[in-house]
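The values are calculated or read from the model by the stated rules, or taken from the named source; none is laboratory data. Since this is a predicted model, take the numbers as computed values, not measurements. Every residue, glycine among them, receives a Cβ derived from its backbone with ideal geometry; neighbour counts consider all protein chains shown. What goes into the accessible areas is simple: the full protein's heavy atoms, side chains included, and nothing from ligands, DNA or RNA. Shrake-Rupley method; radii C 1.70, N 1.55, O 1.52, S 1.80 Å.
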Amino acid sequence: MDIRVRFAPSPTGYLHVGGLRTALYNYLFAKHHNGKIILRIEDTDRTRLVEGATENLISSLAWAGIEFDEGPHVGGSFGPYIQSQRFAIYKEYCNQLIDNNSAYYAFDTSEELDEMRQRQQKAGIPPRYDRSIMKNQYTIGANNTKELLEANTPYVIRLRVPLENDIIFNDAIRGEVKVRGRDVDDQILLKSDGFPTYHLANVIDDHLMQISHVIRGEEWLPSTPKHVLLYRAFNWDAPQFAHLPLLLNKDKSKLSKRQGDVAVEDYIAKGYFKEAIVNFISLLGWNPTADREIFSIDELIKMFSLEKVNKAGAIFDLTKLNWVNSQYLRTKSMDDLADFLIPFLEKRNFNYINREYLKRVIDLIKERIDLVTELPDFAPYMFEKPKEFDQDFLAKHWKESTKEVLELYLEELRKLDDFSHPSLHNFTEQFISERNLKLRDVVHPLRIMITGRGVGAGMFETMEVLGKEECIERIESFLKMEGK
RNA sequence: GACUCCAUCGACUAAAGGUUAGGUCACAAGCCUUUCACGCUUGCAAUAGGGGUUCGAAUCCCCUUGGAGUCACCA
């Protein structure tokens, strides 16, 4: 069997990280089996369309490195891949269901349906369409149905669920799932505007597009029996289902916007590496059984298997994502990091001096940050003179004699030609040993004078990058200020 | 409420009936040291509870509890 999977988002805005994971698992599965992955846009709800959402989805997916074999942006022989362009197909197939009595016409207004649900709720029974008493082709008879249809009365088409039978299907992740027919609602398949619902469209498209595995979020599990019934009604083989565990908030509810960023573009904007996001998200709900945490996309593809996907939901924990990102930060070249960071800096009009200088600063700082984009805030002093000085650090390390010592140090420093960090180190060691001082008596004050801060990279490395002239200016200006 | 799914350290997870229940993040301590980090070492920390099955259960079965998802002319 050819492996064909699909990612089928609805274009209602941005790509959710949960959606990215679903797309990723589909991608890993397809690539692992040398199969195809298809992008299909599920836009059957015209009330929820968002301008530009499809382009947005595609660009976020592309950012993550997920390339589709077929889809609205790349074509393919099973198109169109946008459901709104396939409406005629759905209607035609839906008529087949009417003909073989798997579906039926219903004429209830939404008020009548509301009323029915309220009644049921009051009576303490689950709200479900009651086809024995509502207004449909069974209760009003064939002739009346025909008349209403001819009079262009608004109607919907509902799935006729066999009440007596159990619906059993196999899920690759959860095993056998069994639901009683009487617990399944007579789902609307074709809305009164003539558009299909998700349930109808997805079954028809998955069949026509020859999808072998439906890998989607667990939120679809409860409606899968309806889909199984539809495959049966069409006399089609159902694909293999695999329902992925959900991504969760800290409180274990389904990952939502209220509790943090959920849009992939938010993480892009913050400066996460795509490798880190892909690596991290892949390991939320699946693990290749190795005592490792960092995997390239090729390794993920090689190791992926649906059987090893977990059943329980996974909390989306930023702390570990940051760590994963920091691991990638360590391994990238300065050129790559500069290429990555410069657009971010330019966007905020940050003066990074020049590319070569920036590379040296990144090299200096990268072990102290998780995201490259933290660099300008972590070490603004590498790009302009400090305006503020950490008072706590100052109070702790600036002693009575410090000013005098540093004035002497400054005079000696002026004479130093080699401003490399080993040279600075030697020079300073010599300076302190001649005066019976500790290294910290000089280094800490230097740090505050030159950077304004109490934390940072090695002091001599920092000075080397800043350069002699700049360091001397900063020390002079601080001592002058201190003298006032 | 009904239906369905789920349950290993705080978090992500490993262990596919036989392990002192392992790793990673986080946290804590120590080492290193020039601040903060990195790195290294160590520590803390889990099979929800109860019954079975079995020589043997985190693992299989049942019950309880807990959590989640879904119950639209949304997807």
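Values for this structure:
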{"read-out": "Subset of segment A:23-48 (residues that are more than 15 Å from RNA strand B (Cβ to nearest atom), open to solvent by 30 Å² or more (accessible area, probe 1.4 Å) and in a helix (DSSP H, G or I))", "value": "A:Lys31"}
{"read-out": "Pairs, first polar (S, T, N, Q) in segment A:131-159, second exposed (fewer than 12 other Cβ atoms within 10 Å of the Cβ), C-beta under 9 Å, six or more apart", "value": "A:Thr139/A:Ser132; A:Thr139/A:Ile133"}
{"read-out": "Of all residues in segment A:108-124 being closer than 19 Å to A:Pro154 by Cα and not small (Gly, Ala, Ser), the one that is surrounded by the fewest Cβ atoms within 10 Å (Cβ to Cβ)", "value": "A:Glu111"}
{"read-out": "Residue check, A:Glu412 touching a residue at least 24 places away in the same chain (Cβ under 8 Å), part of a helix (DSSP H, G or I), more than 8 Å from RNA strand B (Cβ to nearest atom) and more than 20 Å from A:Leu358 (Cβ to Cβ)", "value": "no"}
{"read-out": "A:Ala379, sole failed condition from (1) more than 12 Å from RNA strand B (Cβ to nearest atom); (2) buried (at least 19 other Cβ atoms within 10 Å of the Cβ); (3) in contact (Cβ under 8 Å) with a residue 40 or more places away in the chain", "value": "(1)"}
{"read-out": "Cβ pairs under 6 Å, 6+ apart, first in segment A:314-336 and on the phi > 0 side of the Ramachandran plot and of a type in the set (Phe, Trp, Tyr), second part of a helix (DSSP H, G or I) and at pLDDT below 95", "value": "none"}
{"read-out": "Residue in segment A:83-95 that is open to solvent by less than 50 Å² (accessible area, probe 1.4 Å) and either within 25 Å of the chain's Cα centre (by Cα) or farther than 22 Å from A:Asp193 by Cα (or both) present", "value": "yes"}
{"read-out": "Members of segment A:294-323 found to be in contact with a Gly (Cβ under 7 Å, 6 or more places away or on another chain) and aromatic (Phe, Trp, Tyr), listed by number", "value": "none"}
{"read-out": "Segment A:291-302, residues that are more than 7 Å from RNA strand B (Cβ to nearest atom), open to solvent by 20 Å² or more (accessible area, probe 1.4 Å) and touching a helix residue (DSSP H, G or I) at 6+ places or on another chain (Cβ under 8 Å)", "value": "A:Ile294, A:Ser296, A:Ile297, A:Ile301, A:Lys302"}
{"read-out": "Extreme residue, farthest from A:Leu364 (Cα to Cα), among residues of segment A:397-407 that are touching a residue at least 12 places away in the same chain (Cβ under 8 Å) and open to solvent by 70 Å² or more (accessible area, probe 1.4 Å)", "value": "A:Lys399"}
{"read-out": "Number of the exception - A:Ala8 against (1) free of Cβ contacts under 8 Å to residues at least 60 places away in the same chain; (2) in contact with a Leu (Cβ under 9 Å, 6 or more places away or on another chain); (3) closer than 14 Å to A:Val214 by Cα; (4) open to solvent by 20 Å² or more (accessible area, probe 1.4 Å)", "value": "(1)"}
{"read-out": "Given (1) assigned by TED's automatic domain parsing to the domain that holds A:Asn34; (2) surrounded by 15 or more Cβ atoms within 10 Å (Cβ to Cβ), number of the condition A:Leu345 does not satisfy", "value": "(1)"}
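Yes or no, residue by residue, for (1) at pLDDT 95 or above; (2) polar (S, T, N, Q); (3) within 28 Å of the chain's Cα centre (by Cα):
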site	(1), (2), (3)
A:Asp186	yes, no, no
A:Pro196	yes, no, no
A:Ala201	yes, no, yes
A:His227	yes, no, yes
A:Ala233	yes, no, no
A:Trp236	yes, no, no
A:Lys250	no, no, yes
A:Lys257	no, no, yes
A:Ile268	yes, no, yes
